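First up is the structure itself, then whatever we jot down about it.
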Amino acid sequence: MDPIPGDTFDSQATSLYAGQVPTIGNTELENLNGASQTPFVKVDDPPKFELESYIANYTGRTRFNRLFLIGTCSTYLSVEALKAAIIEAKSSKDVSRYERAVRALAEVASNEPEATPDKEWVDRMRKVVKAETDRLEHELRGYKNNLIKESIRMGNEDLGQHYHQIGDLSSASKAYSRMRDYCTTPTHIASMLFKIISVAIERGDWLSVQSHVQRLRNLQSKQEEQAKNQPKMSAALGLSQLHSGSYTDAANSFLNTDPSLGDSFNEVLTSNDVAVYGGLCALASMDRNELQRRVLDNNSFRNFLELEPHIRRAISFFCNSKFRPCLEILESYQADYLLDVHLQRHVSTLYTRIRTKSIQQYLIPFSRVTLDSMSKIFSPRAVGGQAHPVDSTSPFVQELIGLIQDGTLDARIDLEKMVLVSNQTDLRTEVQEATLESLSSFVREAHLRVLRTNIIRAGLEVRVLSDERKQGPAGLGGKHPRPPPGMFQ
Amino acid sequence: MEELLSPLTSVSRRLHTSDPSDEDYDKQIRDLIIFLKDPGRASDISAVSGYALDKLDPSSHSLSYLFLLLHQINSTQFENKDLRPFDPTGALWPKIVRFLTSFDPFQIRYAGHEWRQLVELTVQSAQAVSKPLLAVPVIRDAILRLDPSSGVLTSIHITFIKLCLMSRSYSYALPILEKQICHFPTATSQTYQKHHKSILCGELEPSITFVTDSSGFSTKLTYRDYLQYFFCGAMIYMALKKWDKALHHLNIVICSPVTNAVSKIMVEGYKKWILVSLLACGKPIPSQSITSSHVMKVYQSLAQPYTTLADAFGKCDLQRLKVEVEAALSVWRMDNNTGLVYQVVDAFQKRTTLKLGKTFSALAVADVARHLPGRLSSLREVESFVASLVMCGTLDAVLLHLRDYSDSTMLRFSGTAKSRFLQENNVQGRILQECQSLRAMGKAVRDVNRGLELSNENFLFLQKCLKWSDNSGKGGINALEQTEGGFDLDEDIMGDIH
């Protein structure tokens with residue numbers, strides 16, 4: 001009879017949450033689309049993709065999230081994307097999403113017929129959702145009373161699915177988590193974990209993604225099951241690592257993703273995305289040898305790269321030290337990546353890293369480089385536009401100064417001859433300096449400690465002295481009576 | 001008169017250490033001192049003192065000369081019916097100076113009280129006529145003459161340092177300050193020293209044997225005295241802008257061992273330490289690990305404005321630095337640190353210029369001006385500021401005029417292109433210097449070791465060990481042999497317990 005009180009409590013809790021659906025849904029989606037909130041990106045350039053074919057690659061709730069992001073961020077596609085988002089939302093049961101999309105569209109184009117909310121649909125859908133929630137919870141209660149494990153599991157699963165559909169993500173993940181006790185086979189557990197992972201990805205709860213992927217990995221199941229789960233697991237793991245900013249780990253996870261991923265994970269990301277994410281992370285975090293060995297010569301990842309040939313080209317240009325074309329490719333696709341729901345926040349960081357790495361790589365063979373030739377490669381636009389492209393105030397030189405100051409570049413700028421001089425290290429002098437420095441610091445430290453020993457031995461530690469010493473200033477000699485013996489041992 | 005002179009000249013400077021032998025010489029000196037101190041002869045001696053002072057050579061018959069001088073001074077003060085110190089313009093002054101700059105250190109080791117009395121009188125008389133500078137070189141020579149290593153702190157050291165500060169004769173103090181003080185007059189209550197009377201006139205005796213708390217070379221010291229010594233030493237180095245040395249001295253002050261109270265001197269030292277560390281290293285540095293945490297807490301709570309100032313300096317934020325300086329003006333003034341604080345602000349400009357050398361190998365003065373925020377407004381000012389840095393050697397760079405005069409001046413930092421030969425020479429010199437101080441340090445460590453081995457505490461400990469080994473049935477002789485080396489001892493203790 002134990003589960004029953006817990007069950008009543010649960011139902012109360014969920015119904016309580018059900019009342020809060022809109023607010024919770026909002027906060028979570030904001031969390032996910034954090035970039036659209038904090039550094040609100042506005043993309044003016046038209047992206048290279050076509051919206052319809054792009055969105056056709058995805059299934060499930062990510063379709064709306066992606067459309068909504070494009071609609072709010074791209075000035076070029078906003079109306080089209082938001083309209084598609086409204087249609088998407090209307091076809092689902094998530095009222096709050098619909099309302100948000102309508103509001104966003106009203107901001108952009110208030111004249112559109114879609115910009116006025118469909119009150120009747122909203123009310124109807126609310127009622128439907130409410131009835132459905134009640135029904136599912138009632139059913140679940142029934143299953144629990146009957147104590148049939150499999151039914152309880154399925155009841156929870158249905159409930160979770162329902163919550164997920166209506167956008168109540170925290171209730172959804174709770175419902176899915178409750179399935180845990182009723183899972184009987186590894187397959188059940190795996191499917192439950194995948195459901196939790198996909199909810200967590202939508203919530204932007206990357207820690208929980210990582211921990212659940214870990215659990216999946218430790219799950220003991222058949223060989224073929226593992227093989228089937230592996231691509232999704234590593235893709236999810238890579239995604240969470242990308243979001244937590246550890247690009248090297250993310251690159252590794254994406255590189256390990258098996259090409260059998262195909263379109264099985266379309267509710268989160270496609271194979272094209274794996275190629276782009278993995279390629280960019282690798283480009284930002286690996287050196288040339290590693291890129292050649294682990295990315296370009298990687299047979300399984302080649303399958304992904306073939307989907308996005310420009311990434312492949314960018315990487316091979318980088319490996320061949322042709323930085324200009326590499327950066328050009330990346331720049332031309334920047335608009336696309338800024339409109340990607342997962343990549344948006346990381347594009348600028350990744351690009352800066354790639355750029356810094358290219359500058360570093362470029363400088364390796366030279367002992368001095370003219371700023372002119374460098375700026376031709378790394379800031380060609382400035383060369384065309386300004387009278388003095390490599391003036392000390394030009395952004396490119398400022399960038400170099402910043403890199404030198406934070407220690408990334410070991411070089412110095414000569415503004416008279418307009419060259420970048422790499423620093424020659426004189427090892428002999430350095431060693432001599434270091435030795436002398438350590439010697440003198442040793443002598444000082446030793447002196448401090450010897451003094452300390454002697455002070456303690458002579459009983460001269462700082463202490464509250466007896467009153468007679470206060471009669472006059474110390475150290476002025478024999479005028480004052482000597483302190484009585486026995487003050488020190 | 002003649003019969004008095006002959007005992008006075010009985011002890012003269014030894015030209016060779018073996019003639020007469022240490023023991024005989026020791027005995028002669030002790031006899032002479034008994035003769036000189038004999039109260040029955042005091043009137044006779046003072047009667048001849050005037051005549052004898054002219055006859056005696058202070059470098060040879062130092063002891064007699066010292067006693068006669070003191071007699072003479074006493075009688076002059078007695079005649080004039082005032083106890084004021086004598087006048088440095090008087091007839092006695094040259095004699096005192098002659099004595100203090102040429103006395104025989106081996107003889108004087110026996111007359112610490114009298115020597116100190118004379119030195120103090122000298123100081124007081126120079127101060128009485130407000131000419132402390134007169135006494136500074138004399139006393140410095142006297143200290144170094146008595147103890148060339150100057151490794152033991154005496155009250156005379158402290159008097160001297162204060163005198164230097166007062167007379168602003170900072171560089172006079174350097175010969176003394178540069179000797180590393182490692183010891184303090186030890187208490188003679190230690191049992192070992194009672195049994196072992198070392199011969200004071202031995203040439204190889206370390207200074208710690210004759211400067212003890214009963215020898216009279218120093219008054220009884222307290223923690224205030226040595227803190228003051230190092231604090232004043234640091235102030236002298238600060239006045240000379242030798243920041244490294246000042247930092248070391250302040251380190252000594254703030255790392256002093258404490259029982260429960262923290263001295264005000266230490267707190268003041270910590271304040272100055274923060275400022276000096278900025279001046280010496282150009283960034284806030286972590287404090288020495290020796291300082292215990294509760295002392296650190298006291299410092300931090302009492303030196304709040306200083307830590308925030310250092311923080312602003314470390315973050316290269318001139319605006320904040322200036323705000324901090326303005327905000328706590330009264331604090332700086334109260335602590336008498338205003339000058340240092342202003343130097344810190346100047347040092348910030350200097351640091352920024354020096355840092356440019358890491359980023360640029362050459363740049364126009366106009367660019368320098370762009371990187372130097374703050375009060376230097378015109379290009380000309382910046383140029384003269386940079387030029388002054390180059391001239392005083394802080395900045396290893398050259399200023400060039402470009403061929404077309406329209407453009408401004410170029411500042412070119414010279415890289416590592418120094419002549420190899422010069423550099424090697426320089427390094428060699430520094431190595432030698434470090435070698436010397438390392439050797440001095442090693443000697444000090446050995447001395448401390450020896451002192452600790454012969455201390456009462458160690459004997460007590462050994463006694464305890466002896467008892468342990470007795471209890472466990474082993475022979476006591478064994479334990480006595482162990483006193484030679486600490487390591488064997490440790491092992492044996494463990495062996496007995498198991």
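The values are calculated or read from the model by the stated rules, or taken from the named source; none is laboratory data. Just so we're clear, the structure is a prediction, and the values are computed from it rather than from any experiment. Glycine gets a Cβ as well: all are built from the backbone with ideal geometry, and neighbour counts include every protein chain shown.
A few points about this structure:
- Residue in the range A:179-195 that is buried (at least 23 other Cβ atoms within 10 Å of the Cβ), over 23 Å from A:Tyr58 (Cα atoms), assigned by TED's automatic domain parsing to the domain that holds A:Asn65 and without any contact (Cβ under 8 Å) to a residue 60 or more places away in the chain present: yes
- B:Ile290 meets the conditions (1) assigned to a helix (DSSP H, G or I); (2) of a type in the set (A, V, I, L, M); (3) surrounded by fewer than 17 Cβ atoms within 10 Å (Cβ to Cβ) in every case but one. The failed one is (1).
- Any hit, the range A:120-133, residues being surrounded by fewer than 16 Cβ atoms within 10 Å (Cβ to Cβ) and touching a residue at least 40 places away in the same chain (Cβ under 8 Å): yes
Residue-by-condition table, conditions (1) within 14 Å of another protein chain (Cβ to nearest Cβ); (2) under 17 Å from A:Ala446 (Cβ atoms); (3) modelled with pLDDT under 85; (4) over 38 Å from the mean Cα position of the chain (by Cα):
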| site | (1), (2), (3), (4) |
| --- | --- |
| B:Ser419 | yes, no, yes, no |
| B:Val445 | yes, yes, no, no |
| B:Ser469 | no, no, yes, yes |
| B:Lys474 | no, no, yes, yes |
| B:Asn478 | no, no, yes, yes |
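- Index of the failed condition, B:Pro137 passing every other in (1) over 25 Å from B:Lys220 (Cβ atoms); (2) in contact with a Pro (Cβ under 9 Å, 6 or more places away or on another chain); (3) at pLDDT 85 or above: (2)
- Residues that are crowded, with 18+ Cβ neighbours inside 10 Å and facing chain B (nearest Cβ under 7 Å), drawn from the range A:402-442: A:Ile404, A:Arg412, A:Ile413, A:Asp414, A:Leu415, A:Val421, A:Gln432
- For the criterion of being surrounded by 18 or more Cβ atoms within 10 Å (Cβ to Cβ) and outside any loop (DSSP other than H, G, I, E, B), A:Leu280 passes.
- Any hit, the range A:173-190, residues being modelled with pLDDT under 90, of a type in the set (A, V, I, L, M, F, W, C) and under 18 Å from A:Asp94 (Cα atoms): yes
- For the range A:443-469, taking the residues that are more than 7 Å from chain B (Cβ to nearest Cβ) and loosely packed, with under 14 Cβ neighbours inside 10 Å, the one that is modelled with the highest pLDDT is identified as A:Ser466.
- Odd one out for B:Ser102 among (1) touching a helix residue (DSSP H, G or I) at 6+ places or on another chain (Cβ under 6 Å); (2) modelled with pLDDT of 80 or more: (1)
- Where helices (runs of 4 or more DSSP H) fall entirely within the range B:213-287, those with at least 1 residues that are within 9 Å of chain A (Cβ to nearest Cβ) and touching a residue at least 60 places away in the same chain (Cβ under 8 Å) are at B:223-239.
- For the range A:300-324, the tally of residues that are surrounded by 15 or more Cβ atoms within 10 Å (Cβ to Cβ) and either within 25 Å of A:Asp44 (Cα to Cα) or of a type in the set (Gly, Ala, Ser) (or both) stands at 5.
- A:Gly478 being surrounded by 14 or more Cβ atoms within 10 Å (Cβ to Cβ), at the interface with another protein chain (Cβ under 7 Å from one of its Cβ atoms) and modelled with pLDDT under 85: yes
- In the range A:322-404, counting only helices (runs of 4 or more DSSP H) that sit wholly within it, the ones holding 1 or more residues that are under 28 Å from the mean Cα position of the chain (by Cα) and modelled with pLDDT of 85 or more span A:323-332, A:334-338, A:347-363.
- Residue in the range A:114-131 that is at negative phi, at pLDDT below 90 and in contact with a Gly (Cβ under 9 Å, 6 or more places away or on another chain) present: no
- Residue that is farthest from A:Gln241 (Cα to Cα), among those in the range A:216-227 that are touching a residue at least 24 places away in the same chain (Cβ under 8 Å) and part of a helix (DSSP H, G or I): A:Glu225
Rundown of residues vs (1) closer than 26 Å to A:Arg126 by Cα; (2) among the hydroxyl-bearing types (Ser, Thr, Tyr), yes/no style:
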| position | (1), (2) |
| --- | --- |
| A:Lys174 | yes, no |
| A:Tyr182 | no, yes |
| A:Thr187 | no, yes |
| A:Ser198 | yes, yes |
| A:Leu207 | no, no |
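- For the range A:231-244, the criterion of being part of a helix (DSSP H, G or I) and more than 24 Å from A:Leu343 (Cβ to Cβ) is satisfied by no residue at all.
- A single entry from A:Ser92, A:Ser96, A:Ser110 fulfils the requirement of being small (Gly, Ala, Ser) and surrounded by fewer than 16 Cβ atoms within 10 Å (Cβ to Cβ): A:Ser110.
- When B:Ser60, B:Ser12, B:Ser49 are checked against the criterion of being modelled with pLDDT of 70 or more and in a helix (DSSP H, G or I), a single residue qualifies: B:Ser49.
- Where helices (runs of 4 or more DSSP H) sit wholly within the range A:51-103, those with at least 2 residues that are over 23 Å from A:Thr270 (Cβ atoms) and in contact (Cβ under 8 Å) with a residue 24 or more places away in the chain occupy A:78-91.
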